[in-house]
Amino acid sequence: MSEKTILKFSDETAAIAKKIVARYPEGRHKSALIPLLHLAQAEFDGWLSVPAMDCVAEFLSIQPIEAYEVASFYSMFNLKPVGKCTLEVCRTSSCWLNGAEDIVRHLEKKLGIKEGQTTADGMFTLKTVECLGSCGTAPMLQCGGDYYENLTLEKTDKLVDSLRAEGKARVYTNDNPVNID
Amino acid sequence: MGKKILLANDHIEGIRFLDTYRKHGGYASLEKALKSMTPEQIVEEVKTSGLRGRGGAGFPTGMKWSFLAKPEGVPRYVVCNADESEPGTFKDRYLMERIPHLLIEGMILSSYALGAKTSYIYIRGEYFYVARILEQAIDEAYAAGLLGKNILNSGFDLDLYVQIGAGAYICGEETALLESLEGKRGNPRIKPPFPAIAGLYGCPTVVNNVETIAAVVPIVNEGGAAYAAIGVGNSKGTKLISASGHINKPGVYEIELGVPVEEFIYSDEYCGGIRNGKKLKAVVAGGSSVPILPTELILNTAAGEPRLMSYESLGDGGFATGTMLGSGGFIVMDEDTSIVKNLYTFARFYHHESCGQCSPCREGTGWMEKILHKILHGHGTLADVDLLWDIQSKIEGKTICPLGEAAAWPVAAAIRHFRKEFEDFIRNGEHVNDVKHYYRLNNLTAPIN
């Protein structure tokens, strides 16, 4: 048996987390669970490992199971490792009417993976997701906090190429730190 | 041109920021309310306005507010539902990213009217950048003394926070939203008690949609009667419509309730007609949950009257020949659209989004998705259509929250109005796999817009 991994928030993240906890009435700190799981996912490689969820539970003084049951309910929380950039292509009605399926097939071909998979170099994960509220600018995909709308095959190619050239991880809170102050 | 109330200034550069917003009359309602109106008077104006919940259910807002319990010494909460997730709906996102202060002003007014000292805007996690826009606007409001202690020297205190979700359609249901805001899974609560009695942290709570809360601003400013003078019948005021699908001008439009559907689809002021000169086949008028209607029934009622964009007119004929205004998610489909495949994307959506609490919904949504998948891949039988009908009828009305109905209605309506298409799809199964995305496949290689 290997030693149990223990993760802790960086000082910077812990400071943000503390401010979030202060938004709720006395004794209602559990309300901070979802925002803090987002912080943990951003800090710990874009996914929520058991130690990452334990870190949040410890911070909020709640039982680890309370963090697990919430993390496993919401689709934005990744319970398995993901690539640096997760391409989340919307597939619901309006996006489908406007060719979302073709975007997905094109990305599968270009990246050499199937939806739900991650490229061997760990750069991209391809996901299909349900309606992201971009129906008037369909088809679209989300990567990190950014929406890429009115996609064409050409625009999709350009996006993938530029993300690859950049080589940086795209997660919700790293690129766009929550503006608390 | 129809009268615009919420989006009258959406084109003004910098309207996102406090200075510009105030220059164009922003926070005048709040000043008026805090200086010259009691909370009860605001509730009365909202009642007079005839405003109905803009999230989809259309429940009268003033009545919802009047149900709020006010026990001594117990905090009350106003929570804004910005979880906008109904497929086809993107109006709240538009409003929040363009004019965040309109929502914030509405939140302050509503909180003052209802006696809340702490309020939350619960926004879907995917709208992360919109949450940042709201947070920046809230910071501006605090700095200007519009939030915090003793707002505009009125003695009224309010703290307002943005809470982000994490991807769950069900959290748009108000009790699931409250569970989520308390840091739990988004499982809807059994009602009663309603949130007005026991909502957030067990305290009396009002949950209202973004557009509903924003509408409180002009109602306070101009008076409820002026708002009620707009619209038709019991559909008062304006409504934001999210228009998408095969139209020339997708986008968010503010309409005076009562605009004819035909005008909305074909006029250049709104959708600008069907793309590529195609014919209209069907419309989902109020977000994915509401019944789809074929051309003849969306343009005119069964009695031959022109169908209007209003709660009553869209509902005319019940579900046999009518539909609902819902959230205003208006999805237009041209003659090449496969109703079966579109329904599959809806069924897959509801299966994915069912919280799993009630068996009819948890099992039924998955079963319907499986059957539609089978039909789509050429393995369907004619009996499957009856089976789909049977399953949907056993979900409706048998679940804790309306997600059951939301999943059942689209299936029922697609079969009701397009049964023959299902049967053709099944009979000609071997050709089905060749169905491509029609003209869009070619268009996708060229830039759009």
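The values are calculated or read from the model by the stated rules, or taken from the named source; none is laboratory data. Bear in mind the structure is a predicted one, so any value in this text is a computation, not a measurement. We place every Cβ from the backbone using ideal geometry, glycine too, and count neighbours over all the protein chains shown. Please note that ligands, DNA and RNA were not included when accessible areas were found on the heavy atoms of the full protein model with its side chains. Shrake-Rupley method; radii C 1.70, N 1.55, O 1.52, S 1.80 Å.
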Could you list, in sequence order, the residues of segment B:337-375 that are open to solvent by 40 Å² or more (accessible area, probe 1.4 Å) and either in the same structural domain as B:ASP92 (by TED's automatic domain parsing) or touching a Phe, Trp or Tyr at 6+ places or on another chain (Cβ under 9 Å) (or both)?
-> B:HIS351, B:HIS352, B:HIS373
Out of all the residues in segment B:129-136, is one or more under 15 Å from A:ARG23 (Cβ atoms) and either open to solvent by 20 Å² or more (accessible area, probe 1.4 Å) or facing chain A (nearest Cβ under 9 Å) (or both)?
-> yes
Within segment A:28-57, restricting to residues that are within 9 Å of chain B (Cβ to nearest Cβ) and open to solvent by 30 Å² or more (accessible area, probe 1.4 Å), the one that is nearest to A:VAL82 (Cα to Cα) is A:LYS30
Could you list, in sequence order, the residues of segment B:196-239 that are touching a residue at least 24 places away in the same chain (Cβ under 8 Å) and assigned to a loop (DSSP other than H, G, I, E, B)?
-> B:ALA196, B:ILE197, B:GLY199, B:CYS203, B:PRO204, B:GLY223, B:ILE230, B:GLY233, B:ASN234, B:GLY237
Could you figure out which of (1) closer than 30 Å to A:ALA138 by Cα; (2) surrounded by fewer than 24 Cβ atoms within 10 Å (Cβ to Cβ) isn't true of B:THR38?
-> (1)
Over segment B:168-188, the set of residues more than 19 Å from B:HIS352 (Cα to Cα), touching a residue at least 40 places away in the same chain (Cβ under 8 Å) and not in a helix (DSSP H, G or I) is none
Considering segment B:108-130 alone, what residues qualify as being of a type outside the set (Asp, Glu) and within 18 Å of the chain's Cα centre (by Cα)?
-> B:ILE121, B:TYR122, B:ILE123, B:ARG124, B:GLY125, B:TYR127, B:VAL130
Would it be correct to say that B:TYR122 is more than 22 Å from B:LEU240 (Cα to Cα) and either surrounded by fewer than 19 Cβ atoms within 10 Å (Cβ to Cβ) or at pLDDT 95 or above (or both)?
-> no
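Conditions (1) of a type in the set (A, V, I, L, M); (2) in contact with a Pro (Cβ under 7 Å, 6 or more places away or on another chain); (3) open to solvent by less than 20 Å² (accessible area, probe 1.4 Å), marked per residue:
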residue	(1), (2), (3)
B:ASN221	no, no, no
B:GLY224	no, no, yes
B:ALA228	yes, no, no
B:VAL232	yes, no, no
B:GLY237	no, no, yes
B:GLY245	no, no, yes
B:PRO250	no, no, no
B:GLU256	no, no, no
B:PRO260	no, yes, no
Give the residues of segment A:58-82 that are small (Gly, Ala, Ser) and crowded, with 22+ Cβ neighbours inside 10 Å, sorted by residue number.
-> A:ALA67, A:ALA71
Could you say whether any residue in segment B:305-313 is surrounded by fewer than 23 Cβ atoms within 10 Å (Cβ to Cβ) and aromatic (Phe, Trp, Tyr)?
-> yes
Select, from B:GLY88, B:GLY62, the only residue that is of a type in the set (Gly, Ala, Ser), within 15 Å of the chain's Cα centre (by Cα) and closer than 24 Å to B:GLY231 by Cα.
-> B:GLY88
Subset tally (residues that are of a type in the set (S, T, N, Q) and either closer than 16 Å to B:GLY318 by Cα or assigned to a helix (DSSP H, G or I) (or both)) for segment B:391-425 = 2
Candidates B:TYR270, B:TYR253 - the one that is under 27 Å from B:ASN209 (Cα atoms) and under 16 Å from the mean Cα position of the chain (by Cα) = B:TYR253
Give the residue, chosen from B:PRO75, B:PRO87, that is of a type outside the set (D, E, K, R) and surrounded by fewer than 24 Cβ atoms within 10 Å (Cβ to Cβ).
-> B:PRO75
Of the residues that make up segment A:155-171, is at least one within 20 Å of the chain's Cα centre (by Cα), open to solvent by less than 50 Å² (accessible area, probe 1.4 Å), of a type in the set (S, T, N, Q) and within 7 Å of chain B (Cβ to nearest Cβ)?
-> no
Within segment B:322-336, can you find the residues that are within 10 Å of chain A (Cβ to nearest Cβ), surrounded by fewer than 24 Cβ atoms within 10 Å (Cβ to Cβ) and not acidic (Asp, Glu)?
-> none
State whether one or more residues within segment B:100-111 are open to solvent by 20 Å² or more (accessible area, probe 1.4 Å) and either in contact (Cβ under 8 Å) with a residue 40 or more places away in the chain or away from chain A (no Cβ under 14 Å) (or both).
-> no
Out of the residues in segment A:83-113 that are open to solvent by 30 Å² or more (accessible area, probe 1.4 Å) and within 19 Å of the chain's Cα centre (by Cα), which is farthest from the other protein chains (Cβ to nearest Cβ)?
-> A:LYS84
So which residues in segment B:192-209 are in contact with a Gly (Cβ under 8 Å, 6 or more places away or on another chain) and more than 14 Å from chain A (Cβ to nearest Cβ)?
-> B:VAL206, B:VAL207, B:ASN208
Exclusive hit being within 13 Å of another protein chain (Cβ to nearest Cβ), open to solvent by 30 Å² or more (accessible area, probe 1.4 Å), in contact with a helix residue (DSSP H, G or I) (Cβ under 9 Å, 6 or more places away or on another chain) and within 22 Å of A:LYS30 (Cβ to Cβ), set B:ARG185, B:ARG189 = B:ARG185
Of the residues that sit in segment B:63-72 and are assigned to a helix (DSSP H, G or I) and without any contact (Cβ under 8 Å) to a residue 40 or more places away in the chain, which one is least open to solvent (accessible area, probe 1.4 Å)?
-> B:SER66
State all residues of segment B:60-94 that are out of contact with any strand residue (DSSP E or B) (no Cβ under 9 Å at 6 or more places or on another chain) and within 14 Å of chain A (Cβ to nearest Cβ); if no residue qualifies, say none.
-> B:GLY73, B:VAL74, B:SER85
Quickly run through segment A:10-26 and pick out the residues that are open to solvent by 40 Å² or more (accessible area, probe 1.4 Å) and at the interface with chain B (Cβ under 9 Å from one of its Cβ atoms).
-> A:PRO25
